[in-house]
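Visitor: Sharing a structure with you now.
The values are calculated or read from the model by the stated rules, or taken from the named source; none is laboratory data. Source: prediction; values computed, not measured. No Cβ is skipped: glycine too gets one built from the backbone with ideal geometry, and neighbour counts run over all protein chains shown. For the accessible areas, the whole protein counts, side chains as well, though only heavy atoms, and no ligand, DNA or RNA atoms are used. Shrake-Rupley method; radii C 1.70, N 1.55, O 1.52, S 1.80 Å.
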Amino acid sequence: MIHSRTAEARRTPWTPDSWRSLVAHQQPAWDPAELERAVAELRSLPALVQPGEISNLRRALADAAHGRAFVVQAGDCAESFEDATTEHITSRGRLIARLARGFEQISGRPAVAIGRIAGQYAKPRSAPTELVDGRALPVFRGHMVNGAAPTASARRADASRLVQGYYRSATTLNLLRTLHAHPAGQLWVSRECLLLPYDRSTLRNDPASEQWFLSSTHFPWIGERTRDIGGAHVELLSGVVNPLGVKVGPAVTPEELVALCARLDPERAPGRLTLITRFGANAVRRVLPELVAAVSAAGHPVVWMCDPMHGNTIRLPSGIKTRRVADLLAELDGWFDVLAGAGAHPGGLHLECTPDDVRECVDEDTSEVGEQQSLCDPRLDADQASTLVRGAAQGVRRGARPVP
Ligand code: PEP
Ligand code: CO
């Protein structure tokens, strides 16, 4: 049986609502009555994922923690409600599966394929408002909150979107289950845990184990902006049995990271916790060694996953955001070198990519950037994503080679 939370003397016990007394970063200003209606409806709706699947994914991630498997997690930065169509879901599922199979062929190591899909509809933002034609508008926070159009009415936080997001997640997952029904081609789903009333209303208690699980995704992660150890996101997820991801940026200290591990993985259970590092090509070799040393010394068997996307975003003078594949590969190289030096297993790769024909990321030359179609961050196209996956597979092969 998986235990996600042990009794901790000084903290009040976890409950599905214990997060409510803590600071909740990145929450939109909902209309209370609308939110109440949405949450009441969500609480009565069926679970999208089941406890048995969650246990299976934890086992697969335990293999990744031990260096017997490697996670390929990929998908849109922000999914669009408009893209919850047969065509878009099919092409996205196929791309993720193809990346995972490509990884296996080159590395010889099994891949665990996880999509940023079926619920990746909410985004943390660096500011609550933005200036449009001299007027401050609430920022776009993902289709589960508001519309992207730069008008006051589109940007209003609309709680009925939480329910719409649930149904789109359900139809997306249903199609993915059909397309990836073969156990060897299993596709797991993941999203950022951000909008706490939504997450709370999709918590379910498993009668067989009496444990709580987040029923709206297999693999929730906590973002770089919400991983406050005293905050509501960490509290809510600390009490569920799902495997958890945490994004970790270059400002984290070893003490802070070890405290997060203690909080989210008190039992030191392989497969429970994945640390998704996103430092940037310039920082990875400087920052990561101390962190790996500290987490290893504390005995947490985490999955180390490289997100080469979020530390390498460039804003061009035109205001458009892009990323250079050369920088992403440089971060990935540094990440492999540091882990090898520390004797830790490389556990996974985290990408933002799309099967659509876009030029949001460039190979090297930022003048080649095309129109930004992404709702949020610039995504790799399929070829660029394959390049990154190949880099990871080669890194795994290098590390797996017996010492002569
Ligand atoms: C993301 O994954 O889209 C994201 C916002 O990442 P981070 O929390 O690492 O900034
Ligand atoms: Co992103």
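Visitor: Quick one: which residue in R168, R141, R155 is in contact with a strand residue (DSSP E or B) (Cβ under 9 Å, 6 or more places away or on another chain), within 16 Å of A78 (Cβ to Cβ) and open to solvent by 10 Å² or more (accessible area, probe 1.4 Å)?
Guide: Just a single option satisfies the conditions, and that option is R155.
Visitor: Could you grab me the full set of residues in the stretch 40-96 that are open to solvent by 10 Å² or more (accessible area, probe 1.4 Å), assigned to a loop (DSSP other than H, G, I, E, B), under 20 Å from P16 (Cβ atoms) and hydrophobic (A, V, I, L, M, F, W, C)?
Guide: Within the stretch 40-96, L45, A47, L48 meet the criteria.
Visitor: Restricting attention to the stretch 305-341, which residues are open to solvent by 30 Å² or more (accessible area, probe 1.4 Å), away from ligand 1 (no atom under 16 Å from the Cβ) and either touching an Asp or Glu at 6+ places or on another chain (Cβ under 9 Å) or in a helix (DSSP H, G or I) (or both)?
Guide: Those that are open to solvent by 30 Å² or more (accessible area, probe 1.4 Å), away from ligand 1 (no atom under 16 Å from the Cβ) and either touching an Asp or Glu at 6+ places or on another chain (Cβ under 9 Å) or in a helix (DSSP H, G or I) (or both): I320, R324, A326, L329, A330, D333, D337, A340, G341.
Visitor: I've got another one for you. Residues R285, R359, R390: which one is open to solvent by 30 Å² or more (accessible area, probe 1.4 Å), more than 14 Å from ligand 1 (Cβ to nearest atom), within 23 Å of R92 (Cα to Cα) and not in a loop (DSSP other than H, G, I, E, B)? Write out each step before concluding.
Guide: Numbers: R285 fails: within 23 Å of R92 (Cα to Cα); R359 fails: not in a loop (DSSP other than H, G, I, E, B).
After applying the criteria, what remains is R390.
Visitor: Let me ask something additional. Of all residues being among the hydrophobic types (A, V, I, L, M, F, W, C) and in contact (Cβ under 8 Å) with a residue 60 or more places away in the chain in the stretch 101-130, which is nearest to ligand 1 (Cβ to nearest atom)? Just the residue, please. Quick ask: steps written out before the conclusion?
Guide: The initial filter retains those residues of the stretch 101-130 that are among the hydrophobic types (A, V, I, L, M, F, W, C), namely 103, 106, 111-114, 117-118, 122, 127.
Within this subset, residues satisfying the condition of being in contact (Cβ under 8 Å) with a residue 60 or more places away in the chain are 103, 106, 112-114, 117-118, 122.
Numbers: F103: 20, I106: 25, V112: 18, A113: 17, I114: 13, I117: 13, A118: 15, A122: 10 Å.
Residue satisfying both the conditions and the ranking: A122.
Visitor: From the residues in the stretch 1-31 that are among the small types (G, A, S), in a loop (DSSP other than H, G, I, E, B) and modelled with pLDDT of 95 or more, which one is nearest to G52 (Cα to Cα)?
Guide: By that ranking, first place goes to A24.
Visitor: If you check E352 against the conditions, is it within 16 Å of ligand 1 (Cβ to nearest atom), under 19 Å from the mean Cα position of the chain (by Cα), among the acidic types (D, E) and not in a helix (DSSP H, G or I)?
Guide: Taking the combined requirement at face value, the residue satisfies it.
Visitor: Take the stretch 257-282 and flag every residue that is open to solvent by 10 Å² or more (accessible area, probe 1.4 Å), away from ligand 2 (no atom under 16 Å from the Cβ) and closer than 25 Å to D333 by Cα.
Guide: Selection gives V258, P270, A281, N282.
Visitor: Show the residue pairs meeting these rules: Cβ distance below 9 Å; 6+ apart or different chains; first residue within the stretch 371-395 and in contact (Cβ under 8 Å) with a residue 24 or more places away in the chain and within 20 Å of A64 (Cβ to Cβ); second residue polar (S, T, N, Q) and within 14 Å of ligand 2 (Cβ to nearest atom).
Guide: A385/T354
Visitor: Are any of the residues in the stretch 100-113 surrounded by fewer than 24 Cβ atoms within 10 Å (Cβ to Cβ) and at positive phi?
Guide: Yes.
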